[in-house]
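The block underneath contains the structure these notes are about, expressed in structure tokens.
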Amino acid sequence: MGKGCRSRARGRAAPAPRPAGRAVIAVPLARLVDLGGSTIWAPALVHAVVQGTLKLVEVEGVPALPLAWMAASASLPFLALAVRGPPAGA
């Protein structure tokens, strides 16, 4: 189909994702890297869950599910900011 994603209805390329969402989620993911001792496993797991869950799960009869998932995906990773790290010097 060529470059970009084409909308079937209009034949135009789909708009690029907004960088604001990436900037919002970057803060809790960076905190998870710090808590994990500079490993990327925790943020990678959060990213996989946020991006992949609705692609794997299909729920019929709940029209608000995508919006609820977007709200949860944007807010729940911030719980990482409430976790205390190891004491300084440890």
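Compute the whole-percent fraction of alpha carbon pairs in segment 20-82 spaced more than 18 Å apart.
38
Just order 44-50, 79-85 by mean Cβ neighbour count inside 10 Å, highest at the front, would you?
44-50, 79-85
Using only alpha carbon pairs under 8 Å that are at least six residues apart, calculate the relative contact order of segment 20-82 and give it in whole percent.
About 49 percent, as a whole number.
Bear in mind that the values in this text are calculations on the coordinates, not laboratory data. Every value quoted in this text rests on a predicted model; they were computed, and no experiment measured them. Using ideal geometry, Cβ is built from the backbone for each residue, glycine included, and neighbour counts are taken over all protein chains shown.
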